[in-house]
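*Asks:* Quick one: the structure is below, and I'll ask about it shortly.
The values are calculated or read from the model by the stated rules, or taken from the named source; none is laboratory data. Here the structure is a predicted model, which means the values were calculated and not measured. Cβ atoms come from the backbone with ideal geometry, glycine included; neighbour counts cover every protein chain shown. Please note that ligands, DNA and RNA were not included when accessible areas were found on the heavy atoms of the full protein model with its side chains. Shrake-Rupley method; radii C 1.70, N 1.55, O 1.52, S 1.80 Å.
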Amino acid sequence: MPDTMVKTDAAAQKVEKHPVKKVLVICARGTLEDVYASLIMANGALMEGMEAKMFFTFFGLEAIRKGNSDNLHTATVGNPAFMRNLPTMVGGLPGFEALASSMMKKEMEKLDIPPVSEFLEIIDASGGEIYACKLAADMFHLKREDLIDEVKDIITVGEMYALAEGEGAQIIFV
Amino acid sequence: MSEVLIAGKSVSVNEEGYLTDPSQWNREIAEQIAAEVNITLTPKHWEVLEYLREKQQAGEMLNIRKIGKSGIVDIKEFYQLFPGGPLKNASKIAGIPKPASCI
């Protein structure tokens, strides 16, 4: 039944809300845009006063591999949304992906979007927690010292779920 | 938008309680809004608030990265000074619009 009553401020506040209090962002991809989507959602949660945890797995680990955070690329092949009129073969030319990625990074800098490494530092300084997936780290032969200092721990999937415990918690998979 | 009485002064605020006219702001108003979000303003808070007002007046988009590079506070400190949505709370206390940035 539609609610036709005009709500006053006080009445509006009485409506029961279930606000998001915590997010767990799982980043399983290592492309520039997927990593940025993850970072922006985690940082955005912190800025809203929510808790935020990040879990990097599989190719997502590339974002938190020491010295590699700022070397991520966007796919110029197999990415139909990227420059629609560009023939796929051109996207595959040597150096094209690096060029496109550096152009994207320049556009982001104009919007004051920090480079990935700085973004991770910001999230850490803001009280966000960054974790790496144990299974993926084992698979890629990565140890704690191979990952950036901001990584709190290398954890199992069970431990990852425990990060999302509590009322008002949401898991976001990228 | 509505008119409310804050610290004995009638000011216009939007539905979220942000002042719609930064020129109506004064220190007493800031203190009262801060008290509502359980913040007691220290000299460091004032430095941040003045910085935010300055940047807003200059037409600059405010975001967490800029705060971190302000030279006034680092990001950790900023979160400690204004807990629970730092830039939102700080902007509200500073009497400037809610930041519209995603960063």
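*Asks:* Could you list the residues of the range A:156-174 with an amide nitrogen less than 13 Å from a label point located 7 Å from the Cα of A:LEU135 in the Cα-to-C-beta direction?
*Replies:* So the set is A:156-161.
*Asks:* Total Å² of accessible surface buried at the B-A contact, 1.4 Å probe, nearest 100? Before the final figure, lay out each step's value.
*Replies:* On the way: alone 5800 and 10770 Å², together 15190 Å².
Looking at B and A, the buried total is near 1400 Å².
*Asks:* Give the carbon-plus-sulfur fraction of the accessible surface of the protein assembly as shown in %, rounded to a whole number; probe 1.4 Å, heavy atoms of protein chains only.
*Replies:* 56 percent
*Asks:* Further question: Calculate the FRET efficiency for A:SER102 and A:VAL77 from the Cβ-Cβ distance with a Förster distance of 25 Å, rounded to the nearest 0.05.
*Replies:* After rounding, the FRET efficiency stands at 0.90.
*Asks:* Same structure again: From largest accessible area down, sort A:ARG65, A:ARG84; use a 1.4 Å probe on the protein chains.
*Replies:* Sorted by accessible area, descending: A:ARG84, A:ARG65.
*Asks:* Each residue of the range A:158-163 in turn: what ³J(HN,Hα) in whole Hz from Karplus with 6.51, -1.76, 1.60 and θ = phi - 60°, glycine and Pro shown as x?
*Replies:* Result, rounded to whole Hz: x, 5, 5, 4, 4, 5.
*Asks:* Remind me, relative contact order of the range B:2-94 in percent, using alpha carbon pairs under 8 angstrom and six or more residues apart?
*Replies:* It comes to 26 percent, rounded to a whole number.
*Asks:* Follow-up. Quick one: if the Förster radius is 51 Å, what FRET efficiency do A:LEU93 and B:SER2 give, using the C-beta to C-beta distance and rounding to 0.05?
*Replies:* 0.30
*Asks:* Rounded if a/c is under 1.5, else prolate if a/b beats b/c, else oblate: with a ≥ b ≥ c from the C-alpha gyration tensor eigenvalues square-rooted, which is chain A?
*Replies:* oblate
*Asks:* For the range B:22-58 and the range B:62-81, compute the distance between their C-alpha centroids and round to whole Å.
*Replies:* 15 Å
*Asks:* Here is a further query. For A:HIS73, what residues show an amide H to amide H distance below 5 Å, using hydrogens built from the backbone and excluding near sequence neighbours?
*Replies:* A:LEU32
*Asks:* I would also like to ask the following. If the chain between A:LEU111 and A:ALA37 were fully stretched, how many nm would it gain, using 0.36 nm times the residue separation less the Cα-Cα distance?
*Replies:* Fully extending the segment from A:LEU111 to A:ALA37 adds 25.2 nm.
*Asks:* Which helices, counted as full DSSP H runs in chain B, have an axial Cα extent of no less than 20 Å and a Kyte-Doolittle average of -0.5 or above?
*Replies:* none
*Asks:* Right, next: Per residue, how much accessible area does the protein assembly as shown have with a 1.4 Å probe, in Å²?
*Replies:* 55 Å²
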